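Asks: I'd like to ask some things about the structure below.
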Amino acid sequence: MSHIIDRRLNGKNKSAVNRERFLRRFKAQIKEAVSKAVKGRSITDIESGEKVSIPVKDISEPIFHHGKGGVLENIHPGNEEFIRGDRIARPQGGAGGGGGGKASQDGEGEDDFAFELSREEFMNVFFDDLALPNLIKTQLVGLEEMKTVRAGYTNDGTPANINIVRSLRGALARRVAMAAPTMAMLNDAEEELDTLIELDDDNARDIREKRQYLHLLRERLACIPFIDPFDLRYNNRVKQPKPTSQAVMFCIMDVSGSMDEQKKDMAKRFFILLYLFLQRNYEKIELVFIRHHTSAVEVSEQDFFHSRESGGTVVSSALNLMSEIIKKRYGSSEWNIYAAQASDGDNWDSDSANCGRIMEEELLPYCQYFAYIEITEGEPQNLWYEYLKVHERQRHFAMQKIRSASDIYPVFRELFKRQSASSRVGV
C-alpha cells in the first residue's frame with residue numbers, strides 16, 4: 001500500500017497554487033484596488049496588506065448542465081402593443097428593468113467577493129508596473145558603510161599598535177611559570193642549608209656545596225628575561241559594516257501650478273520607493289515634508305500631497321529650508337540624511353544657479369544620498385541643466401527624468417545596486 005505525503009508549504013486548508021491563479025485572473029481588479037489604497041495611505045504604512053472586493057459579476061463562471069433532451073415544440077405568445085421596428089421607451093422608476101431604488105419582497109442577490117491581500121502580495125502588485133526585478137521586490141540592497149573596530153589582540157603588528165598592559169601581563173605570567181620549578185628547588189635548598197648550619201657538625205664541605213647550588217639556582221632565575229618578543233601583544237582592528245540606527249528622509253516637492261495630481265501621484269510613488277529602501281537599512285526613520293512654490297514650508301504628509309495651494313516657482317526656498325532644518329534637528333553624526341526632490345523643473349533662471357550652489361555647499365556634504373526627479377514629458381528645464389553640473393561632480397547625487405509611472409525605477413537602479421568598495425559613498 002502506497003502513502004502520499006503532501007509536503008507543500010501551504011497553511012491548513014489553503015492552496016498557494018490556487019491563490020496565485022486567482023490573483024493572476026483578477027489582476028486588473030486587484031491592481032485598481034491597490035492603486036486606490038496607495039493614494040489614500042500614508043508612506044509609512046505602505047507595506048501592510050489590503051482588503052480587496054471584487055464584484056460578483058466579475059467572478060461568475062460559465063457552467064455545464066443537462067438539457068431537457070428530445071424534440072421540443074414551443075409556442076410563444078405574441079403581443080398586442082408592439083410590432084417589428086417599434087422603439088421601446090425606457091421604464092419609469094422601478095416599473096421594470098433593474099434597480100428602481102425601492103425595496104422589493106421578491107428577488108435575491110449576492111454581496112461582493114472580498115479577500116485580504118498579504119503584505120508580499122500587496123508589494124508585488126504595487127511594484128508590478130515599475131519593472132522592478134524580483135530580487136529588488138524582496139530585498140532592496142543599500143549602501144554599506146564600514147568602520148574599524150577592535151577585535152582582541154594579535155601576536156604581530158606595528159609598534160604603534162602595541163598594547164603595553166597586555167604585553168606586561170603576559171610577560172609576568174611567563175616569568176612566574178618559568179620560575180616556579182626553580183623557586184621550589186631554591187626554597188628546598190635554603191631549608192636544607194639552614195638545617196646543616198644548625199647541626200654544626202663537621203660538614204663544612206656539604207655547606208659549601210649547598211651554597212654553590214643556591215648560587216646556581218639564583219643565576220638561573222636571573223637569566224629569565226623581564227620581557228620577551230613572545231610576550232608582545234598588539235591591538236587587532238578589523239573592518240565591519242557600520243550599524244546605522246536612524247535616518248531622516250526629506251521629501252521636497254514643487255507644488256506650483258504646473259504640478260497636477262498625476263505628477264504628484266508619480267512623485268508619491270517615488271518617495272515610497274525611497275522610504276522602503278531606508279526601512280530595510282535603519283531601525284528609526286523620520287520623514288520631513290517640504291512643499292514649495294515661491295516660498296517653502298514644512299507640512300504634514302496630508303498637506304504635502306493633497307493641498308491645493310499653488311503659485312510660481314522658486315526652488316531655492318525649499319533647499320534653504322532643508323539646510324535650516326538639518327542644522328537645527330539633524331546636525332549630529334548619528335543621523336543619516338537622505339533627500340528626494342520632485343519637480344517639473346520650471347524655475348527662474350537666476351534662481352537655478354543659486355540652487356546649484358546651495359546643493360553643493362550646504363546640503364550634499366551632509367547627505368548620504370540626494371535624488372532629483374524631473375516629472376515632465378517635454379524637454380528638460382533650466383533646473384535640470386544646473387543640476388547636471390552638480391551630478392558630474394558629486395557621486396551621491398542622482399537625477400532622472402520621469403514621463404510615466406514605468407520610468408520611476410531607473411532612478412533607483414543606481415541606488416539599489418550593490419556598490420564596490422572603491423565606489424562606496426559614506427558620510
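The values are calculated or read from the model by the stated rules, or taken from the named source; none is laboratory data. It should be emphasised that the depicted structure is a prediction, and the values quoted were computed from it without experimental measurement. Note: ideal-geometry Cβ built from the backbone for every residue, glycine included; neighbour counts use all protein chains shown.
Asks: Can you say whether Tyr372 is at pLDDT 80 or above and either loosely packed, with under 15 Cβ neighbours inside 10 Å or over 21 Å from Asp254 (Cβ atoms) (or both), as far as the supplied structure shows?
Replies: no
Asks: Regarding Leu199, is this residue modelled with pLDDT under 80 and over 28 Å from Ile164 (Cβ atoms)?
Replies: yes
Asks: Going by the conditions given, is Thr154 under 51 Å from the mean Cα position of the chain (by Cα), loosely packed, with under 13 Cβ neighbours inside 10 Å and of a type in the set (Val, Ile, Thr)?
Replies: When the stated conditions are applied, Thr154 does not pass them.
Asks: What number of residues in the stretch 218-244 are in a loop (DSSP other than H, G, I, E, B) and surrounded by 12 or more Cβ atoms within 10 Å (Cβ to Cβ)?
Replies: So the answer is 8.
Asks: Let me ask another. Ile285 is checked against (1) over 23 Å from Met359 (Cβ atoms); (2) at pLDDT below 85 and fails just one. What number does that condition carry?
Replies: (1)
Asks: Okay, moving on. Take Ser350 and decide whether it is in the same structural domain as Asp260 (by TED's automatic domain parsing) and under 29 Å from the mean Cα position of the chain (by Cα).
Replies: So Ser350 does not fit the description; no.
Asks: Let me ask something additional. Would you please name the residue that is nearest to Arg269 (Cα to Cα), looking only at residues in the stretch 367-400 that are of a type in the set (Ser, Thr, Tyr) and assigned to a helix (DSSP H, G or I)?
Replies: This residue is Tyr387.
Asks: Of the conditions (1) touching a Leu at 6+ places or on another chain (Cβ under 6 Å); (2) closer than 30 Å to Ala318 by Cβ, Met253 satisfies every one except a single condition; which number is it?
Replies: Here Met253 meets the rest and fails (1).
Asks: For Ser307, which of the numbered conditions (1) within 26 Å of Glu286 (Cα to Cα); (2) crowded, with 21+ Cβ neighbours inside 10 Å fails to hold?
Replies: (2)
Rundown of residues vs (1) modelled with pLDDT of 90 or more; (2) closer than 16 Å to Ala267 by Cα, yes/no style:
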{"position": "Asp303", "(1), (2)": "no, yes"}
{"position": "His306", "(1), (2)": "no, yes"}
{"position": "Thr313", "(1), (2)": "no, no"}
{"position": "Leu319", "(1), (2)": "yes, no"}
{"position": "Met322", "(1), (2)": "yes, no"}
{"position": "Lys327", "(1), (2)": "yes, no"}
{"position": "Tyr330", "(1), (2)": "no, no"}
{"position": "Ser333", "(1), (2)": "no, no"}
{"position": "Asn336", "(1), (2)": "no, no"}
